[in-house]
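Okay, structure first, notes after.
The values are calculated or read from the model by the stated rules, or taken from the named source; none is laboratory data. Computed from a prediction, not measured in an experiment: that's the story for all the values here. Positions of Cβ are generated from backbone atoms using ideal geometry, with glycine treated the same way; all protein chains shown enter the neighbour counts. What goes into the accessible areas is simple: the full protein's heavy atoms, side chains included, and nothing from ligands, DNA or RNA. Shrake-Rupley method; radii C 1.70, N 1.55, O 1.52, S 1.80 Å.
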Amino acid sequence: MIKKELIIIGGGPSGLCAAKMAVEAGISVLLIDRSPKLGGQLIKQTHKFFGSKAQYAKTRGYDIAQILINQVKDHPLIEILNQATVVGLYDDKVVTVHYQDQYIKYQADAVIVATGASEKFLGFENNDLPGIYGAGAVQTLMNLYGVLPGQEIIMVGSGNIGLIVSYQLLQAGVKVKAIIEAAPTIGGYKVHASKMRRLGVPILTQTTVQRAIGKEHLEAVELVSLDEKWQPIAGSEKIEKVDALCISVGLSPMHQLLSMVNAKTKFISELGGFVPVIDDHHQTSVANIFACGDAVGIEEASSAMMEGYLTGLYVCDKMHKHHPEQKALTEKYEFELDMLRNGPFGIKTKIGLEKLKKGEIHAE
Ligand SMILES: Cc1cc2nc3c(=O)[nH]c(=O)nc-3n(C[C@H](O)[C@H](O)[C@H](O)COP(=O)(O)OP(=O)(O)OC[C@H]3O[C@@H](n4cnc5c(N)ncnc54)[C@H](O)[C@@H]3O)c2cc1C
């Protein structure tokens, strides 16, 4: 068994920021990520981010990733393990990692779970035909590997991710035939939606996909209009010829490792589904196991960074190894996180967090 001070599972923005605080406080960190490159979701985001300058607004996602990676990668107290998947987490802080065809066991004084989120999917006939993708998969194909998912596509979901990925598809030369949305209103920012409309892409609200058509791969989809009770309206079915369908209907926090260690979870729809119950210092119900970022509720990279910095600082506090600017930075990031959640898209998160706080915490 290899002993470590702090293990961070996930090298996205939240994990990277937590690592920065910990190493600066003199804590040695093992940062584990299953991808070949650190940065999490950011590395496939080619668009410029919104928000405030403090969270790198107007900077492209992959550039933000590089800034965060550069902050930690050469620090003498960090060890980074890429292409390594954590497959086990136990309450004695033992972490089992699948790395280069071997299973390696580590034991840490504290663990931070920063595993991000997975994509939600939709149930409809033939939804397993090749050519049907999640939005994250489309971004990975296009923006990391330079591969187009198809020539003609329909996007399901008009949240920010659906709108942004639709724009990236257009930029890559794919014909986006429509963006469809089951709700009566568009979910994402108006600025993104207006841009798509100006580019001639219709956004059809109260519409869903009923069936995928094709033998070996997707050839067409059947769309249907929905009434005010979200029920299909008979006779409104319409066949659209496409060779790709992109599903962007939300993300679910990746709580599985925390469930494995029996950390208490709660289903909170405002946070994206099952999330670990955490205390004010991001500690789960299992002592010395912490969680942050999309793994504790779907938000944005900006809030994932702030949560990461804060969780790193809370861990320093718990391990009695204080960061040289422990108090000032804790106050600064708590303030910035609060400011982010005071925006129009923060209301849902705040409601979710209130519900989460009602959970019982047993960790010491
Ligand atoms: C299309 C799109 C557009 C977006 N646009 C914006 C935007 O404009 N502004 C904004 O602020 N946010 C945006 N976001 C959201 C933002 O990218 C996420 O909120 C943020 O990346 C979450 O950070 P995280 O560190 O919690 O998780 P992630 O970035 O998902 O990182 C989690 C990491 O954990 C690793 N991992 C998971 N499980 C394991 C395991 N078992 N073992 C080892 N490693 C594991 C993964 O490989 C990954 O690297 C966008 C997201 C998408 C998909």
Inset, instruction - Measure nothing fancy, just the Cα-based angle from helix 160-171's long axis to the longest principal axis of the chain, in degrees from 0 to 90, nearest 10. - result: 60 degrees
Legend entry - For the stretch 236-253, Karplus couplings with θ = phi - 60° (6.51, -1.76, 1.60), whole Hz, Gly/Pro x: 8, 4, 9, 8, 10, 7, 8, 10, 8, 10, 10, 9, 10, 10, x, 10, 10, x
Legend entry - DSSP-defined antiparallel bridges as percent of all bridges, the stretch 155-302, nearest 5: 75 percent
Inset, instruction - Return the single residue from 86, 315, 191 with maximal mean-square fluctuation; model: Gaussian network over the chain, springs between Cα atoms under 10 Å. - result: 191
Inset, instruction - Report the charge-dipole magnitude of the chain in Debye, nearest 20, computed about the Cα centre from +1 at each Lys and Arg Cβ and -1 at each Asp and Glu Cβ. - result: 740 debye
Legend entry - Heavy-atom surface of the chain, accessible at 1.4 Å and reported per residue (Å²): 46 Å²
Inset, instruction - Name the residues whose placed amide hydrogens come within less than 5 Å of the amide hydrogen of residue 268, ignoring near sequence neighbours (fewer than 5 apart) on the same chain. - result: 273, 274, 275
Inset, instruction - May I ask for the angle, rounded to the nearest 10°, between helix 13-24 and the longest principal axis of the chain, with both axes built from Cα atoms and the value confined to 0 to 90°? - result: 10 degrees
Legend entry - Length gained when the stretch residue 148-residue 219 is fully extended (0.36 nm per residue, less Cα-Cα span): 24.0 nm
Legend entry - Highest-MSF residue in the chain out of 31, 223, 89 [GNM, Cα springs under 10 Å]: 223
Inset, instruction - Specify the angular offset, from 0 to 90 degrees and rounded to the nearest 10, of the alpha carbon long axis of helix 326-341 from the longest principal axis of the alpha carbons in the chain. - result: 20 degrees
Legend entry - Candidates 110, 295, 304, ranked by Gaussian network fluctuation over the chain, Cα under 10 Å, top entry: 110
Legend entry - Value of D in µm² per second that Stokes-Einstein yields for the stretch 209-364, Kirkwood Rh from Cα pairs, at 25 °C (0.890 mPa s): 134 µm²/s
Legend entry - Gyration tensor (alpha-carbon) shape descriptor, the stretch 291-364, a/c threshold 1.5: oblate
Inset, instruction - Assign one of three labels to the stretch 83-162, namely rounded, prolate or oblate, based on the Cα gyration tensor with a ≥ b ≥ c the square roots of its eigenvalues; rounded applies when a/c is under 1.5, prolate when it is not and a/b is larger than b/c, and oblate otherwise. - result: prolate
Legend entry - Over the stretch 217-364, relative contact order from alpha-carbon pairs under 8 Å, at least 6 apart, %: 20 percent
Legend entry - Relative contact order, percent, the chain [alpha-carbon distance under 8 Å, six or more residues apart]: 19 percent
Inset, instruction - Compare the Cα positions of 285, 308, 218 along the charge dipole of the stretch 217-364 (+1 at Cβ of Lys, Arg; -1 at Cβ of Asp, Glu; about the Cα centre) and return the one farthest towards the positive end. - result: 285
Inset, instruction - Mind jotting down the three principal axis lengths of the stretch 178-270 based on Cα atoms? Whole angstrom, largest first. - result: 48, 38, 28
Inset, instruction - Pairs to check: 195/332; 58/332; 120/264; 229/348. Give those whose C-alpha atoms are more than 26 Å from each other in this structure. - result: 195/332
Inset, instruction - Decide, for the chain, between rounded, prolate and oblate: order the square roots of the alpha carbon gyration tensor eigenvalues as a ≥ b ≥ c, take rounded if a/c falls under 1.5, and otherwise choose prolate if a/b is larger than b/c, else oblate. - result: prolate
